[in-house]
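Quick notes on the structure that follows.
The values are calculated or read from the model by the stated rules, or taken from the named source; none is laboratory data. Because the structure is a prediction, the values reported are computed rather than measured. Cβ atoms come from the backbone with ideal geometry, glycine included; neighbour counts cover every protein chain shown. Surface accessibility is based on the protein's heavy atoms, side chains included, excluding ligands, DNA and RNA. Shrake-Rupley method; radii C 1.70, N 1.55, O 1.52, S 1.80 Å.
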Amino acid sequence: GNVEVSENTIKNVALHNLWRDLLLFPTASILLTDTREIRDTLLGTLIELDTVSIQRKFPSILVISVQEKKTVAFWCKDRCLALDKEGVAFKETQVSPDFPVITSLGEVQENPGETVVVRGALSAVLGFSKEMKRRSLLEDEVSVQFRIVSENQIDALVSEGWSIYFTQTQDLSWQITKLQTVLENKLPLEKRKKLEYIDVRFGDQAYIKYR
């Protein structure tokens, strides 16, 4: 199951935890092997791995199967990190248009292995981004980046120079519906040049502010 993590790296971590002393003599017998300890060590050491399973194949083989983490979004500040489904950064990478980009606020530099986006906020960003694309709310050449301001506000920064304010604490589908109504009925393309933001967080209304 490994793609980016080399087979030798996995072997070395496993072998380091395989040896035991039996009556003062080192042994690597699979009968004495703590497979759960090896699994936990692999997951703790190689943060690119999502799951690890280990099976004994007698008389002398351990079969290690792994699944690597999948990118669901990018977190960017001075550099960009891939995020997994739990909001954990697991590698430095280049962004691609396939996944949402979340921009960092503040002075803290995040590192691989840390949770940088809480799951609720990440789910909101993924859901909002997916639904915007499904409904084709913006033109193909227009891009969007996301900025998590607080639990009650996430900004979608549109490359045309305006923003959408939404929240993870309210129904995303209804917020998207309000946004769609505004874009289709009240905001022709020429008006968007003066637009500052559309706020779809509250009640049945979408609030529009121009510069």
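The residues of the stretch 120-137 that are open to solvent by less than 30 Å² (accessible area, probe 1.4 Å) and of a type in the set (A, V, I, L, M, F, W, C), listed by number, are 121, 122, 124, 125, 128, 132, 137. Does residue 147 meet the test of being in contact (Cβ under 8 Å) with a residue 40 or more places away in the chain and open to solvent by 70 Å² or more (accessible area, probe 1.4 Å)? Yes; evaluated as a whole, the condition is true for this residue. Among the conditions (1) under 30 Å from residue 153 (Cα atoms); (2) among the charged types (D, E, K, R); (3) in contact (Cβ under 8 Å) with a residue 24 or more places away in the chain, the only one that residue 79 does not satisfy is (3). Among the residues of the stretch 158-201, those identified as open to solvent by 70 Å² or more (accessible area, probe 1.4 Å), within 29 Å of the chain's Cα centre (by Cα) and free of Cβ contacts under 8 Å to residues at least 12 places away in the same chain are 171, 174. Taken together, the residues in the stretch 56-82 that are under 19 Å from residue 3 (Cβ atoms) and open to solvent by 60 Å² or more (accessible area, probe 1.4 Å) amount to 2.
Conditions (1) over 20 Å from the mean Cα position of the chain (by Cα); (2) modelled with pLDDT under 90; (3) of a type in the set (A, V, I, L, M), marked per residue:
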position: 3; (1), (2), (3): no, yes, yes
position: 22; (1), (2), (3): yes, yes, yes
position: 25; (1), (2), (3): yes, yes, no
position: 50; (1), (2), (3): no, no, no
position: 70; (1), (2), (3): no, no, no
position: 79; (1), (2), (3): no, yes, no
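Taking every residue in the stretch 28-42 that is within 12 Å of residue 16 (Cβ to Cβ) and touching a residue at least 24 places away in the same chain (Cβ under 8 Å) and pairing it with any residue that is assigned to a helix (DSSP H, G or I) and of a type in the set (A, V, I, L, M), at least 6 positions away or on another chain, the pairs with Cβ-Cβ distances below 6 Å are 38/14; 42/13. Annotation note: of 96, 53, 104, the sole residue that is more than 26 Å from residue 140 (Cβ to Cβ) and loosely packed, with under 14 Cβ neighbours inside 10 Å is 53.
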